[in-house]
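Notes for the one structure printed next.
The values are calculated or read from the model by the stated rules, or taken from the named source; none is laboratory data. Computed from a predicted structure; not experimentally measured. Here the Cβ positions follow ideal geometry from the backbone for every residue, glycine too, while neighbour counts run over all protein chains shown. The accessibility values were calculated without ligands, DNA or RNA, using every heavy atom of the protein model including side chains. Shrake-Rupley method; radii C 1.70, N 1.55, O 1.52, S 1.80 Å.
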Amino acid sequence: QHTIFLKGGAISAPANARKWVNESGMSAAKQPRQVLVHFSAAPSPEQREQLKNSGITLLDYIPENTWVAVIAPSANAEKALSLPVYSIMDSKPEWKADNYTWKKVNKEKGSVEIMVSFYPVVSPGGIRQFISTLGARIDPGGMEQYGSYKVIIASGNVKDVAAWYGVRYISPFTEMAPLDLQSRPAIKGNVAVSPSSVGGYGLLGDGVTAGV
């Protein structure tokens with residue numbers, strides 16, 4: 001019943017909301033914390049607003065009845081316990097990329113190019129400062145306006161990126177290289193074949209679907 005369906009597979013949500021609040025140490029935290037908040041029943045818009053006002057911002061939805069959330073250091077975490085919150089779990093770095101990405105990163109010995117998607121709870125300045133502290137650099141591009149940045153970083157530091165509270169998802173960077181430079185943009189084909197991490201649909205053309 002209390003199952004969370006992550007992209008990498010399903011996990012069980014423990015009944016630990018009270019324990020997490022008591023042991024989280026948020027009052028002494030120096031920066032926000034990203035967690036998964038699993039509810040017994042979906043919160044109403046009013047309840048979501050109550051959480052936000054108490055310092056707990058719900059972001060992406062994950063089946064079932066689960067949200068990625070960012071908890072501010074000054075948050076009143078007790079407020080969550082007045083709502084039907086069943087479980088709170090700290091987000092794990094490995095949840096923020098698929099198996100292919102981690103295998104690719106672990107295989108590399110030097111620098112890698114990745115596309116990092118950030119939540120809007122972090123400012124562009126904050127993103128750049130965070131990336132620079134890891135000895136990495138951002139290669140400017142048009143996707144920054146959508147919260148996605150091309151990052152060039154040592155392969156051993158990618159997990160440190162994934163562990164940050166502001167990171168939504170990580171994928172390998174892929175150049176958009178249309179086969180037909182004239183027709184593909186005109187028919188929006190460049191969007192169709194581009195990976196989902198950069199706003200495309202990830203259609204590789206290796207299968208055919210027919211419908212009537």
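Within the set Asn106, Asn76, the sole residue that is farther than 16 Å from Lys7 by Cα, open to solvent by 30 Å² or more (accessible area, probe 1.4 Å) and not in a helix (DSSP H, G or I) turns out to be Asn76. Is at least one residue of the stretch 65-73 surrounded by 13 or more Cβ atoms within 10 Å (Cβ to Cβ) and either over 26 Å from Ser123 (Cα atoms) or hydroxyl-bearing (Ser, Thr, Tyr) (or both)? Yes, the stretch 65-73 contains at least one residue that is surrounded by 13 or more Cβ atoms within 10 Å (Cβ to Cβ) and either over 26 Å from Ser123 (Cα atoms) or hydroxyl-bearing (Ser, Thr, Tyr) (or both).
Condition check ((1) closer than 23 Å to Ala69 by Cβ; (2) at pLDDT below 55; (3) open to solvent by 40 Å² or more (accessible area, probe 1.4 Å)) across all residues:
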residue	(1), (2), (3)
Val112	no, no, no
Val116	yes, no, no
Val122	yes, no, no
Asp139	no, no, yes
Ser148	yes, no, no
Trp164	yes, no, no
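Taking the listed residues Val21, Val112, Val85, Val37, the one that is within 28 Å of Ser155 (Cα to Cα) and touching a strand residue (DSSP E or B) at 6+ places or on another chain (Cβ under 8 Å) is Val112, with no other qualifying.
I need the full set of residues from the stretch 79-102 which are in a loop (DSSP other than H, G, I, E, B), open to solvent by 40 Å² or more (accessible area, probe 1.4 Å) and either charged (D, E, K, R) or within 20 Å of Gly25 (Cα to Cα) (or both), in order please.
Ser82, Lys92, Asp98 - these are the residues of the stretch 79-102 that are in a loop (DSSP other than H, G, I, E, B), open to solvent by 40 Å² or more (accessible area, probe 1.4 Å) and either charged (D, E, K, R) or within 20 Å of Gly25 (Cα to Cα) (or both).
Among the residues of the stretch 16-46, those identified as polar (S, T, N, Q) and surrounded by fewer than 18 Cβ atoms within 10 Å (Cβ to Cβ) are Asn16, Asn22, Ser24, Ser27, Gln31, Ser40, Ser44.
Every condition in (1) modelled with pLDDT of 95 or more; (2) under 19 Å from the mean Cα position of the chain (by Cα); (3) hydroxyl-bearing (Ser, Thr, Tyr) is met by Tyr100 except one, and the failing one is (1).
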